[in-house]
1. So which strands (runs of 3 or more DSSP E) are wholly in the chain and hold at least 2 residues that are among the hydroxyl-bearing types (Ser, Thr, Tyr) and open to solvent by 60 Å² or more (accessible area, probe 1.4 Å)?
2. So Thr24 ticks every box in (1) in contact with a strand residue (DSSP E or B) (Cβ under 7 Å, 6 or more places away or on another chain); (2) touching a residue at least 40 places away in the same chain (Cβ under 8 Å) but one. Which box is left unticked?
Amino acid sequence: MKRVVKLVSIFRNGAGKNQTWSMTNPDTTKTPTQIKVLLEQLTKLNLFQKDGIRQYETVVSAKYVETIETTIFEEVPVTR
């Protein structure tokens, strides 16, 4: 069994549409305030644009998404 945690955040882009950004294995010891401050810093970078529209203009929300992967079966590769 493998546990995977992602930070999934929603931003509003320059056209007013939602844009999702996620990060695998984030530091889950940070407080909600610290996470919001860090995500707001992303909005100030102005690095990501598509067709002249800023993709991460305003932070809307963030959440942790946890998944558990359980292998049912796995074929072992043949070694020669």
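The values are calculated or read from the model by the stated rules, or taken from the named source; none is laboratory data. What you see is a predicted model, and the numbers here were worked out from it, not measured in a lab. For neighbour counting, all protein chains shown are included, and Cβ atoms are generated from backbone atoms with ideal geometry for every residue, glycine included. To get the accessible areas, we keep the full protein, side chains included, count just its heavy atoms, and leave off ligands, DNA and RNA. Shrake-Rupley method; radii C 1.70, N 1.55, O 1.52, S 1.80 Å.
1. Of the strands (runs of 3 or more DSSP E) lying wholly inside the chain, those with at least 2 residues that are among the hydroxyl-bearing types (Ser, Thr, Tyr) and open to solvent by 60 Å² or more (accessible area, probe 1.4 Å) span 18-24, 58-69.
2. (2)
Rundown of residues vs (1) without any contact (Cβ under 8 Å) to a residue 40 or more places away in the chain; (2) closer than 30 Å to Glu74 by Cβ; (3) acidic (Asp, Glu), yes/no style:
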{"site": "Lys2", "(1), (2), (3)": "no, yes, no"}
{"site": "Val5", "(1), (2), (3)": "no, yes, no"}
{"site": "Ser9", "(1), (2), (3)": "no, no, no"}
{"site": "Asn13", "(1), (2), (3)": "no, no, no"}
{"site": "Lys17", "(1), (2), (3)": "yes, no, no"}
{"site": "Thr33", "(1), (2), (3)": "yes, no, no"}
{"site": "Lys36", "(1), (2), (3)": "yes, no, no"}
{"site": "Glu40", "(1), (2), (3)": "yes, no, yes"}
{"site": "Lys44", "(1), (2), (3)": "yes, no, no"}
